[in-house]
Amino acid sequence: RGARDLDALARRLDAAAPRLVETRTATLDRCFRLLESYSYRNVLARGFALVRDARGEPVTTAAQVRPAQALTVEFQDGPVTVVSTGERKTKRPPNGRQGSLL
């Protein structure tokens with residue numbers, strides 16, 4: 001009887017193992033796709049750019065940029081090295097007042 005029970009368990013294991021591998025593979029694939037969706041590279045693909053200073057740190061505001069500072073601007077298809085003029089351009093309405101949104 002022990003041999004029969006062991007044989008039955010072995011058959012169940014043989015049937016369950018591929019299903020377990022398939023389930024875990026599908027879970028891993030979903031996790032990989034989710035991780036890819038969080039990647040900053042997808043943001044670059046939508047037309048944004050990542051600006052870094054000489055140390056490779058992200059530059060997140062115009063106030064961080066100094067005149068003649070070397071920066072790396074990373075686009076979807078690769079990085080470009082640029083040098084800041086230090087000039088800030090602001091968009092203000094001609095009369096200095098914001099118009100109505102309605």
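The values are calculated or read from the model by the stated rules, or taken from the named source; none is laboratory data. As the structure is a computational prediction, the values presented were derived from the model and not from experiment. Here the Cβ positions follow ideal geometry from the backbone for every residue, glycine too, while neighbour counts run over all protein chains shown. Just so you know, the surface numbers come from the protein's heavy atoms only, side chains and all, with ligands and any DNA or RNA stripped out. Shrake-Rupley method; radii C 1.70, N 1.55, O 1.52, S 1.80 Å.
Key figures for this structure:
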| read-out | value |
| --- | --- |
| Residue identified as open to solvent by 100 Å² or more (accessible area, probe 1.4 Å) and at pLDDT 95 or above among THR85, THR72, THR81, THR25 | THR81 |
| Among (1) surrounded by 10 or more Cβ atoms within 10 Å (Cβ to Cβ); (2) closer than 30 Å to VAL83 by Cα, the one test that LEU20 misses | (2) |
